[in-house]
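Heads up: the structure comes next, in structure tokens.
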Amino acid sequence: MSQLRVRKAVIPAAGLGTRFLPATKAIPKEMIPIVDVPMIQHIVEEAVRSGIHDVILVTARHKEAIENHFDFNFELEESLDQKQKKDLAEISRSIGRLCNLISIRQKAPMGLGHAVLCAAPVVGQEPFAVLLGDDLIDSEVPCTRQLMEIYESQGASVVGVMEVPQDQVSKYGIVGGRTLRPGLIEVDQLVEKPSPELAPSRYAIPGRYVLSHRIFECLQNTKPGKGGEIQLTDGLQLLARVERLLAYEFEGTRYDTGDRLGLIDATLAYALKRPELAPGVQELLRKHLRGS
């Protein structure tokens, strides 16, 4: 495998977000905030902190708000400057400087694998990261950076995994294979949402990948499954047959922000990390617990 440096990240963001209706009737679910920062900004910032500057956003119709968020807003920033609110103006401008955002449309809802495949013309023959917007991972070393280091040292595509309880395996793509060392597996099997008795392990893929460009060929050869969708897990199964595929148990706390309780969990955790908010949040929690 080529040892090109990982310079690009793909973030699929074309879903309808129906689990968050009515909030997502008019705004993309990716713009729902964790405290005051949209979920999608947390994901982009992870890519940037990992050393990636080119971020390929795979969107759909009515997702323009995401693109606008990562652009400059001259009227807002000029108004804040005139009101001597320089700190707020800089917050807005800094988002516009975060990365080189490249937007691609997924013109039909054909699955996660198809969304990744839409990025092929921009990625080209390079390795790249994939970050799913429903998975917020809080870690000292960004999760994507951890996977990039495995890719660079092992010369193989790698998926991030976490160990889940046996009764939770049916919610995830699950990997199986040979343990090379604690936390690192050479993958020979991937199963999408298996029943507990058929799961090859309890190692689940929550939404972080660093992949070689050969995944595109595999996805092109992946037959659509239920609902006519092309699944990334099926493409990865093909990839594991043509080159090495590793799974790495990343360090960090993962929040499922595609779930309402997961979103609340992440919001509380991130609010409690902020010194200006933590005391007030703790008091609110005590108040509500007293009244329960």
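The values are calculated or read from the model by the stated rules, or taken from the named source; none is laboratory data. Since the model is a prediction, treat every value here as computed from it, not as a measurement. So basically every Cβ, Gly included, is an ideal-geometry build from the backbone, and we count neighbours across all protein chains shown.
Looking across the stretch 84-100 at every residue that is touching a helix residue (DSSP H, G or I) at 6+ places or on another chain (Cβ under 8 Å) and part of a helix (DSSP H, G or I), the one that is surrounded by the fewest Cβ atoms within 10 Å (Cβ to Cβ) is identified as K86. The residues of the stretch 105-139 that are farther than 22 Å from R5 by Cα, buried (at least 17 other Cβ atoms within 10 Å of the Cβ) and out of contact with any Asp or Glu (no Cβ under 6 Å at 6 or more places or on another chain), listed by number, are Q106, L112, G113, H114, A115, D134, D135, L136, I137.
Checked against (1) farther than 17 Å from Y151 by Cβ; (2) in contact with a helix residue (DSSP H, G or I) (Cβ under 9 Å, 6 or more places away or on another chain); (3) at pLDDT 95 or above, Y248 meets all criteria but (1). Residue count for the stretch 199-218 under the criterion of being of a type in the set (K, R) and within 24 Å of E163 (Cα to Cα): the result is 2.
Every listed requirement among (1) in contact (Cβ under 8 Å) with a residue 60 or more places away in the chain; (2) farther than 23 Å from I137 by Cα; (3) out of contact with any strand residue (DSSP E or B) (no Cβ under 8 Å at 6 or more places or on another chain) is met by C118 save one, (3). Kindly provide the set of residues from the stretch 101-121 that are out of contact with any helix residue (DSSP H, G or I) (no Cβ under 9 Å at 6 or more places or on another chain) and not in a loop (DSSP other than H, G, I, E, B), ordered by number. R105, P121 - these are the residues of the stretch 101-121 that are out of contact with any helix residue (DSSP H, G or I) (no Cβ under 9 Å at 6 or more places or on another chain) and not in a loop (DSSP other than H, G, I, E, B). Of V116, V130, all but one fail to be modelled with pLDDT of 95 or more, under 30 Å from I215 (Cα atoms) and touching a Phe, Trp or Tyr at 6+ places or on another chain (Cβ under 6 Å); the exception is V130. The residues of the stretch 41-68 that are part of a helix (DSSP H, G or I), in contact (Cβ under 8 Å) with a residue 24 or more places away in the chain and within 23 Å of L112 (Cα to Cα), listed by number, are Q41, H42, I43, V44, E45, E46, A47, V48, A65, I66, E67. Of all residues in the stretch 194-216, exactly one satisfies the criterion of being touching a Gly at 6+ places or on another chain (Cβ under 9 Å), closer than 15 Å to C118 by Cα and not hydrophobic (A, V, I, L, M, F, W, C), namely H213. The strands (runs of 3 or more DSSP E) located wholly in the stretch 140-245 that include 3 or more residues which are in contact with a Ser or Thr (Cβ under 7 Å, 6 or more places away or on another chain) and surrounded by 20 or more Cβ atoms within 10 Å (Cβ to Cβ) occupy 173-181, 208-211. Here the condition is being over 24 Å from I52 (Cβ atoms) and modelled with pLDDT under 90; of Y172, Y203, it holds for Y172 alone.
For R274, the requirement of being part of a loop (DSSP other than H, G, I, E, B) and over 30 Å from L190 (Cβ atoms) is met.
One residue stands out in the stretch 1-49 among those that are more than 15 Å from I66 (Cβ to Cβ) and among the acidic types (D, E): the one that is surrounded by the most Cβ atoms within 10 Å (Cβ to Cβ), namely E46.
Within the stretch 258-292, the residues that satisfy the criterion of being out of contact with any Lys or Arg (no Cβ under 9 Å at 6 or more places or on another chain) and touching a residue at least 24 places away in the same chain (Cβ under 8 Å) are L263, A266, T267, A269, Y270, A271, R274, L277.
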